[in-house]
Amino acid sequence: MWAVIGVWDIAPEKLGELRAQVPLMASSKVGTPGFVHGTWTLDGHMIQVYADEASARRYHDDMLAKGFTEQPGVRCVVWAVAEVGAESQV
């Protein structure tokens, strides 16, 4: 499995707006090719796990191409693809 990891520095005046979008961000990934699961925090962190490297890189590159990683008041600190080494669940 492979993950797309994102971390953003969010200006205080944008935080409420972006927090309101978190449920939509999460639900909109269901059905994305190769998407397995994801976690989004309310303060600008996310990790999405994909079944394979090609799916993870496709999503990663698509978000860059569309300019979704940078917005006014939102600075991307990390936008990376990494191989998953282990997972745990209850």
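The values are calculated or read from the model by the stated rules, or taken from the named source; none is laboratory data. Note that this is a predicted model, so its numbers are computed, not measured. Positions of Cβ are generated from backbone atoms using ideal geometry, with glycine treated the same way; all protein chains shown enter the neighbour counts. Areas reflect the complete protein model, heavy atoms only, side chains present, ligands, DNA and RNA absent. Shrake-Rupley method; radii C 1.70, N 1.55, O 1.52, S 1.80 Å.
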Quick one: how many residues across the range 29-72 are touching a residue at least 40 places away in the same chain (Cβ under 8 Å) and among the acidic types (Asp, Glu)?
2
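In the list 74, 78, 84, which residue meets the criterion of being of a type outside the set (S, T, N, Q), modelled with pLDDT of 95 or more and closer than 22 Å to residue 17 by Cβ? Reasoning before the result, please.
On the way: 74 fails: modelled with pLDDT of 95 or more; 84 fails: closer than 22 Å to residue 17 by Cβ.
Just one listed residue meets the conditions, 78.
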Quickly run through the range 23-52 and pick out the residues that are surrounded by fewer than 15 Cβ atoms within 10 Å (Cβ to Cβ) and assigned to a helix (DSSP H, G or I).
23, 24, 25, 27
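Looking only at residues in the range 53-72 that are part of a loop (DSSP other than H, G, I, E, B) and of a type outside the set (D, E, K, R), which one is least open to solvent (accessible area, probe 1.4 Å)? Reasoning before the result, please.
Step one: of the range 53-72, the residues part of a loop (DSSP other than H, G, I, E, B) are 66-70, 72.
Those still in the list that are of a type outside the set (D, E, K, R) too: 67-69, 72.
Values: 67: 37, 68: 113, 69: 11, 72: 111 Å².
Looking at residues that are part of a loop (DSSP other than H, G, I, E, B) and of a type outside the set (D, E, K, R), I get 69.
Would you confirm, using the coordinates I've provided, whether residue 75 is open to solvent by 50 Å² or more (accessible area, probe 1.4 Å), charged (D, E, K, R), in contact with a strand residue (DSSP E or B) (Cβ under 7 Å, 6 or more places away or on another chain) and without any contact (Cβ under 8 Å) to a residue 60 or more places away in the chain?
Details: open to solvent by 50 Å² or more (accessible area, probe 1.4 Å): yes; charged (D, E, K, R): yes; in contact with a strand residue (DSSP E or B) (Cβ under 7 Å, 6 or more places away or on another chain): yes; without any contact (Cβ under 8 Å) to a residue 60 or more places away in the chain: no.
In short, no.
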